[in-house]
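Engineer: Let me give you the structure first, and then I'll get to my questions.
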Amino acid sequence: MKIRWTDLIIHIVGAELVGALSAALSGGSFSVFYQALEKPAFAPPGWIFPAVWSILYALMGISAYLIWKSDVSGKKPAMLLYFSQLFANFLWSPVFFGLKSLKGAAVIAIALLILITAMMISFYRICKAAAYLNIPYLLWAVFAAYLTIGILVLQ
């Protein structure tokens with residue numbers, strides 16, 4: 001399998017840019033808002049989120065590249081699921097931090113879990129490695145949904 005480095009980098013940078021744009025559209029006062037919220041048990045400090053998301057976006061980009069370069073007929077629906085979950089992911093920060101809509105963010109978090117799961121199943125049928133690369137993302141999304149719903153309940 002020959003790696004097309006330019007294509008791989010485009011996929012990774014594209015995913016990272018979605019995260020950066022989402023953060024930019026969120027209003028900018030993440031730490032102040034997050035620190036003021038009553039949080040459920042196991043809530044990490046705010047500084048951990050950008051570090052984790054940077055890694056997860058890179059893994060998403062790599063997994064999308066693996067699907068994109070495959071010669072399998074089912075890759076278009078798989079990529080549609082990828083872009084759908086990426087869009088839901090994009091929406092979460094502006095809704096939570098920008099609009100301060102905890103209910104809206106909780107709905108998005110649940111939808112995101114469904115979309116990530118569907119994407120991983122679709123990816124698994126094409127390239128198992130692409131699906132496995134998203135396991136940390138799914139686990140973090142479950143944790144993020146727990147935090148979002150926990151914060152909503154505690155407010």
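Read-outs: derived from the displayed coordinates by stated rules, not from any lab. Every value quoted in this text rests on a predicted model; they were computed, and no experiment measured them. Neighbour counts are summed over all protein chains in view; Cβ atoms, including those assigned to glycine, are modelled from backbone coordinates with ideal geometry.
Engineer: Given a Förster distance of 25 angstrom, what is the FRET efficiency for SER101 paired with VAL13, based on the Cβ-Cβ distance and rounded to 0.05? Don't skip to the end; give the middle numbers.
Structural biologist: On the way: r = 29 Å, r/R0 = 1.17.
Once the sixth-power term is evaluated, E becomes 0.30.
Engineer: Measuring from centroid to centroid over Cα atoms, what is the spacing of the stretch 118-155 and the stretch 2-35 in Å?
Structural biologist: Centre-to-centre distance over Cα atoms comes out at 17 Å.
Engineer: Right, something else. Obtain the nm distance between the two label points defined at GLN155 and ARG4 by a simple spin-label model: each point lies 7 Å from its Cα along the Cα-to-C-beta direction.
Structural biologist: 4.3
Engineer: Separate question: Apply the Karplus parameterisation 6.51 cos²θ - 1.76 cosθ + 1.60, with θ equal to phi minus 60°, to every residue of the stretch 132-146 and state each ³J(HN,Hα) to the nearest whole Hz, in sequence, with x for glycine and proline.
Structural biologist: Taking θ as phi minus 60°, the curve returns 4, 4, 9, 4, x, 5, 4, 4, 5, 5, 4, 5, 5, 5, 4 Hz for the stretch 132-146.
Engineer: Tell me the label-point distance for the pair VAL142, ALA20, using the 7 Å Cα-to-Cβ offset, in nm and rounded to one decimal.
Structural biologist: 3.2
Engineer: For ALA51 and ALA129 in the same chain, what is the full-extension length gain: residue separation times 0.36 nm, less their Cα-Cα distance, in nm? Write down the numbers at each step before the final one.
Structural biologist: Details: separation 78, 0.36 × 78 = 28.08 nm, distance 2.28 nm.
Once the chain is fully extended between ALA51 and ALA129, it gains 25.8 nm.
Engineer: Then there is this: Can you give the FRET efficiency to the nearest 0.05 for ILE110 and ALA36, using r as the Cβ-Cβ distance and R₀ = 25 Å? Present the calculation step by step, with values, prior to reporting the outcome.
Structural biologist: Working: r = 24 Å, r/R0 = 0.96.
The value I calculate is 0.55.
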